[in-house]
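These notes are about the structure you will find just below.
The values are calculated or read from the model by the stated rules, or taken from the named source; none is laboratory data. Nothing here was measured: the structure is a model prediction, and the numbers come from that model. Note that each Cβ is placed from the backbone with ideal geometry, even for glycine, and that neighbours are counted across all protein chains shown. What goes into the accessible areas is simple: the full protein's heavy atoms, side chains included, and nothing from ligands, DNA or RNA. Shrake-Rupley method; radii C 1.70, N 1.55, O 1.52, S 1.80 Å.
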Amino acid sequence: MDLAIDAPAPSAPDCADDGTWLACIECDETFAPFATVRYTCDECDGLLEVRYDDPPTFDEFGAGAPTEGPDRGVWRYREGLPFDLGVTLPEGDTPLHRVPRIEDEVGVDALRIKHEGMNPTGSFKDRGMTVGVRVAKELGVGALACASTGNTSAALAAYGGRGDMETLVLLPQGKVAAGKIAQASLHGARILEVDGNFDACLDIVQELAARGEAYLLNSLNPFRLEGQKTIGFEILEAFRDDYGTFPDRIVLPVGNAGNTSALYKGFRELVQSGALAVDEVPTLTGVQAAGAAPMVEAIEEGNDEIRRWEEVETRATAIRIGNPVNAPKAIPGIRNTGGTAVAVEDDEITEAQRQLAEEGVGVEPASAASLAGLKKLRREGVVDDDEQVVCLTTGHLLKDPDAAYEAGGDPEPVPNDVDAVVEHLHE
């Protein structure tokens, strides 16, 4: 399957449902989108993509919005999605923050922060779940499941609860931030802690899904990425409104590489519709923690496949992943936009988290990896000083309160006396 940025819009095969179908990125096989539960290709087990025979332009987004349902956020882009409306809280329409002090320090022409932590459950995962849970209902399944480093579990539990469906989440024991476990628990998920890492959890939940125990809603599911591509649509529209142009580069954290894949897919569709010129497509730049960087390794070595890292470790728990399942989609996305991937140390991530917090933007550690990566690439001369850049931050500060506490300053004990407090302040 041609994943080139300038690949023409495909023609709908006979299996298409109202101009929508599934296609294998490896062997070109096509499938009806909602006839049966399907995660990968029946023929070669390759990754699937949702395809449309008439991708929309910017002018078509939001046209003919239904009287019921949000007219902003994910479902504003219904013309580029499989349905007019999903199971919604609602989600999307997140801010594109200005950070003038960081912009000056980094030394680029413009720097904005797309804060996906402002979604209903505090992460970008909500964008995928609003579509994925709607598909589950279309397929008639009754139970949902995922493996998670935390954010996916919170979103699955919330949207599954909203859709009145049973939810099961598998987490790596002792490796998930407390705030995320609390969310999944309160929203009613059944939580299983596995004696292994995230990739082991995903192996198990994939087998459970294959046995029909539940509907898999990790980003292996192609419909998840449909919701996530709207991040890119929002970035392009908001940036254009403020600057009259599109950003040169989008820098984003990489865990399972779903967002990298999703943004690239959305940009390809805009090119197909004629809404975006090839030379206007932002350069996609991935950032991983040094202790969990199989995508960076593949990009640096020129490989088309990643080598699974069995042992991964980083305080950025949301990207503590050694086998990114969407790598076959994400690697072309980085290369075909002229991008790169970079690994950063945990201390660099924490410093970036502090800097963002000082600008009023509170994010969890994995989110701050994007800024840490941008700073490193500026030092190395990869990013030029005339570039206009958006850094994607994926989760809210309170997702990992322990990490936030460790990154911040310690409380200072004082006596219960005003004069003593004044004296302490002036010391």
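Summary of computed values
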| item | result |
| --- | --- |
| Residue list for the stretch 210-224, filter: open to solvent by less than 10 Å² (accessible area, probe 1.4 Å) and hydrophobic (A, V, I, L, M, F, W, C) | L216, L217, F223 |
| Residue selected from the stretch 66-123 under the condition of a type in the set (S, T, Y) and open to solvent by 20 Å² or more (accessible area, probe 1.4 Å), by the criterion farthest from the chain's Cα centre (by Cα) | T67 |
| Residues being in a helix (DSSP H, G or I) and among the basic types (K, R) - total across the stretch 179-198 | 1 |
| Top-ranked residue of the stretch 122-144 - restricted to ones that are touching a Lys or Arg at 6+ places or on another chain (Cβ under 9 Å) and of a type in the set (G, A, S), ranked as farthest from V176 (Cα to Cα) | G132 |
| Residues located in the stretch 318-342, provided they are over 15 Å from the mean Cα position of the chain (by Cα) and among the basic types (K, R) | R335 |
| Members of the stretch 100-157 that are assigned to a loop (DSSP other than H, G, I, E, B) and free of Cβ contacts under 8 Å to residues at least 40 places away in the same chain | N119, P120, G140, G142 |
| Residue check for E213: charged (D, E, K, R) and either under 15 Å from C391 (Cβ atoms) or part of a loop (DSSP other than H, G, I, E, B) (or both) | yes |
| Of residues in the stretch 306-335 being among the polar types (S, T, N, Q) and open to solvent by 10 Å² or more (accessible area, probe 1.4 Å), the one nearest to P401 (Cα to Cα) | T317 |
| Residues (in a helix (DSSP H, G or I), closer than 19 Å to G373 by Cβ and open to solvent by less than 10 Å² (accessible area, probe 1.4 Å)) located in the stretch 260-297 | T260, S261, A262, L263, Y264, P294, M295, V296 |
| Helices (runs of 4 or more DSSP H) (entirely within the stretch 343-427) containing at least 3 residues that are at pLDDT 95 or above | 346-358, 365-379, 418-426 |
| The stretch 163-175 - residue that is buried (at least 17 other Cβ atoms within 10 Å of the Cβ) and not in a strand (DSSP E or B) and, of those, modelled with the lowest pLDDT | K175 |
| Among residues of the stretch 5-53, those that are more than 23 Å from A136 (Cα to Cα) and open to solvent by less than 30 Å² (accessible area, probe 1.4 Å), counted | 2 |
| Flag if G274 is small (G, A, S) and more than 21 Å from C391 (Cα to Cα) | yes |
